[in-house]
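First up is the structure itself, then whatever we jot down about it.
The values are calculated or read from the model by the stated rules, or taken from the named source; none is laboratory data. Just so we're clear, the structure is a prediction, and the values are computed from it rather than from any experiment. So basically every Cβ, Gly included, is an ideal-geometry build from the backbone, and we count neighbours across all protein chains shown.
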Amino acid sequence: MNLIDILAQATGSHHVSDQQFDQVAQAAPSDLLAQGLASAFRSSQTPDIGAMVGQLFGGSSGTQQAGMLNQILATLGPVAAAALANGALGRIMAPGSSQITPAQASQLSPQETEAIVAQAHAVEPGIADKIASFYAEHPALVKTLGGLAMAVALSKMKDHLAQR
């Protein structure tokens with residue numbers, strides 16, 4: 001079965017199972033998964049990007065949490081990023097640092113991360129693509145978003161493949 005067939009089967013309903021998502025994640029290139037995930041972050045059918053990433057952050061390891069936050073730092077710069085969510089990142093970052101360690105990242109709650117991501121997205125909407133690319137490398141985490149978000153992501157992936 002090719003990727004188009006797998007996507008068609010998985011998107012046949014409005015809820016994608018973990019098994020269907022695993023099948024797609026194994027067959028799809030990570031850039032295609034990232035495009036689908038970024039579309040889900042922007043979709044009116046799903047919670048806003050802050051809520052979705054906050055949920056992903058809550059299920060992530062310290063290393064994964066730091067990796068996602070470092071995507072924000074790399075995109076906005078440490079000074080601008082440190083000011084987000086009433087300075088939540090600034091409180092955990094070492095002075096003069098441009099990276100967050102896993103130990104520092106684990107000091108943030110999913111709710112603080114939700115606010116950081118929502119504000120970062122308001123400043124730089126392209127951050128959705130950076131965060132989606134990061135999480136596309138960790139598809140097991142994406143399953144924590146639930147069937148509807150996965151269905152939106154896979155539907156967008158299918159649409160993108162159909163346009164090629």
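Exactly one residue among ALA136, ALA118, ALA122, ALA153 is aliphatic (A, V, I, L, M), at negative phi and surrounded by fewer than 17 Cβ atoms within 10 Å (Cβ to Cβ), and that residue is ALA122. Of all residue pairs spaced 6 or more apart or on separate chains, those with beta-carbon atoms under 7 Å, a first member in region 76-93 that is touching a residue at least 24 places away in the same chain (Cβ under 8 Å) and a second member that is crowded, with 18+ Cβ neighbours inside 10 Å and not hydrophobic (A, V, I, L, M, F, W, C) are LEU84/GLN119; ALA85/GLU112; ALA85/GLN119; ALA88/GLU112. So, VAL142, is that one out of contact with any Phe, Trp or Tyr (no Cβ under 7 Å at 6 or more places or on another chain), in a helix (DSSP H, G or I) and buried (at least 17 other Cβ atoms within 10 Å of the Cβ) or not? Taking the combined requirement at face value, the residue does not satisfy it.
Right, ALA162: of a type in the set (Gly, Ala, Ser) and closer than 20 Å to GLY67 by Cα or not? Considered against the rule, which asks whether it is of a type in the set (Gly, Ala, Ser) and closer than 20 Å to GLY67 by Cα, ALA162 comes out as no. You will find that of SER98, SER106, the residue that is more than 21 Å from SER30 (Cα to Cα), in contact with a Pro (Cβ under 6 Å, 6 or more places away or on another chain) and among the polar types (S, T, N, Q) is SER98 and no other. Can you name every residue in region 92-115 that is of a type outside the set (D, E, K, R), outside any loop (DSSP other than H, G, I, E, B) and surrounded by 14 or more Cβ atoms within 10 Å (Cβ to Cβ)? Within region 92-115, ILE92, PRO102, GLN104, ALA105, PRO110, GLN111, THR113, ALA115 meet the criteria. Starting from residues that are at pLDDT below 90 and of a type in the set (S, T, N, Q), keep the ones in region 87-106 and report whichever is nearest to ALA128 (Cα to Cα). Among those that are at pLDDT below 90 and of a type in the set (S, T, N, Q), it is SER98.
Within region 45-66, residues that are farther than 17 Å from ALA85 by Cβ and of a type outside the set (Asp, Glu) sit with their Cβ atoms under 7 Å from residues that are part of a loop (DSSP other than H, G, I, E, B) and at pLDDT 95 or above, at 6+ positions apart or across chains, in these pairs: GLY62/SER106.
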